Amino acid sequence: MFERVNDTAQGRALLDALPESLPAERIVSLNQSGTDLHSHREYEWNGLRFDAPPGVFLPGHTSRMIYDRLLDGRIEVRDRSYVAMGVGLGVEAVAAGLVGAREIHAVDVHSDSVAAAARHFERHVGAAARSALVPVVADVFEGFPEGARGDVITFNPPAVRQPISDDPDVVRNVCEGTPLLGRFFAQLAEREILAPGGEVFVVASTTADLRGIVGHALEHGFVPEIRDLHDWQDGVVTHLFRFVREATS
């Protein structure tokens, strides 16, 4: 019981120390992009080319906080079951395949994104890969395969807290906000998708409600730590959180 109380106390202390969100007008100005989401675009990472069809999210610098770490082992997925939530173009799935994840669930609410991820996995990892790719179209975990588990789950969510557009594709890719994370942690707990000893990595910045996100995690029994920080020198500080299930004894 002491260990559980200690975990909770540490999580609450981290929650209280998190910074406030940036002012609304600053959040809006920082998220005005010249990229046309409704056109074909290209993306390159680690010498690999990815084609982005209309509506598919083009990764930004924050996404690299996940897939660079998958590739170099700071987020360890070798021989583990991995869930790439909000997979978009599929860069995370490719990185996990290149290092030998046992199984990769490529999950997105957007069917064209899941299809793009599968194409890129085939292109860059290939049929001879050690990894089994499981494409999943799901609203968070609604539609996730029954009984499937993940040793590692990553998510760079569209957590910007301020609406920046009425375009549903922009909302889906950028500014669903904190309620999405509430559903994420609730379903993760209720469906017991995280395997024993598993880890959840979430990227969020001061354009999001960091305290709201971590509060949802704590509410559903996930203990946070800050694994990394990046200050973009424009008022935005991006946090890479790691969550594990709260100890039960």
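Brief remarks follow.
- Here residue 196 meets each of (1) under 14 Å from the mean Cα position of the chain (by Cα); (2) without any contact (Cβ under 8 Å) to a residue 60 or more places away in the chain; (3) open to solvent by 20 Å² or more (accessible area, probe 1.4 Å) with one exception, condition (1).
- Within the range 217-249, if we keep just the residues that are basic (Lys, Arg) and modelled with pLDDT of 95 or more, the residue that is surrounded by the most Cβ atoms within 10 Å (Cβ to Cβ) turns out to be 227.
- Any chance residue 38 is farther than 25 Å from residue 215 by Cβ, over 21 Å from the mean Cα position of the chain (by Cα) and modelled with pLDDT under 90: yes
- Checking each residue in the range 124-151 for being surrounded by fewer than 16 Cβ atoms within 10 Å (Cβ to Cβ), out of contact with any Asp or Glu (no Cβ under 8 Å at 6 or more places or on another chain) and in contact (Cβ under 8 Å) with a residue 24 or more places away in the chain picks out 130, 139, 142, 145.
- Hits in the range 66-88 (condition: farther than 21 Å from residue 230 by Cβ and open to solvent by less than 10 Å² (accessible area, probe 1.4 Å)): 77, 81, 82, 83, 87
- Pair list, Cβ < 6 Å and 6+ apart or interchain, from the range 90-106 residues that are over 23 Å from residue 143 (Cα atoms) and open to solvent by less than 10 Å² (accessible area, probe 1.4 Å) to residues that are among the aliphatic types (A, V, I, L, M) and in a helix (DSSP H, G or I): 95/70; 95/71
- Pairing each residue of the range 201-220 that is assigned to a helix (DSSP H, G or I) with any residue that is β-branched (Val, Ile, Thr) and open to solvent by 10 Å² or more (accessible area, probe 1.4 Å), provided the two are 6+ apart or on different chains, yields C-beta distances under 7 Å for 212/178; 213/178.
- Subset tally (residues that are of a type in the set (Val, Ile, Thr), open to solvent by 10 Å² or more (accessible area, probe 1.4 Å) and under 17 Å from residue 217 (Cβ atoms)) for the range 152-175: 0
- Any chance residue 172 is at pLDDT below 95 and within 14 Å of the chain's Cα centre (by Cα): yes
- Complete set of residues in the range 111-149 that are of a type in the set (S, T, N, Q) and in contact with a strand residue (DSSP E or B) (Cβ under 7 Å, 6 or more places away or on another chain): 111, 131
- Exactly one residue out of 158, 135 is at negative phi and at pLDDT below 95, and it is 158.
- Set 207, 178: member being open to solvent by less than 30 Å² (accessible area, probe 1.4 Å) and touching an Asp or Glu at 6+ places or on another chain (Cβ under 9 Å): 178
- Selection status of residue 13, free of Cβ contacts under 8 Å to residues at least 40 places away in the same chain, within 25 Å of residue 215 (Cα to Cα) and part of a helix (DSSP H, G or I): yes
- For the range 42-57, a residue qualifies if it is part of a loop (DSSP other than H, G, I, E, B) and open to solvent by less than 40 Å² (accessible area, probe 1.4 Å), and the qualifying residues are 53, 55, 56.
The values are calculated or read from the model by the stated rules, or taken from the named source; none is laboratory data. Keep in mind that what you see is a predicted model, and the values were worked out from it rather than measured. FYI the Cβ positions are ideal-geometry reconstructions off the backbone, even for glycines, and counts take in every protein chain you see. Note: areas computed on protein heavy atoms with side chains; ligands, DNA, RNA excluded. Shrake-Rupley method; radii C 1.70, N 1.55, O 1.52, S 1.80 Å.
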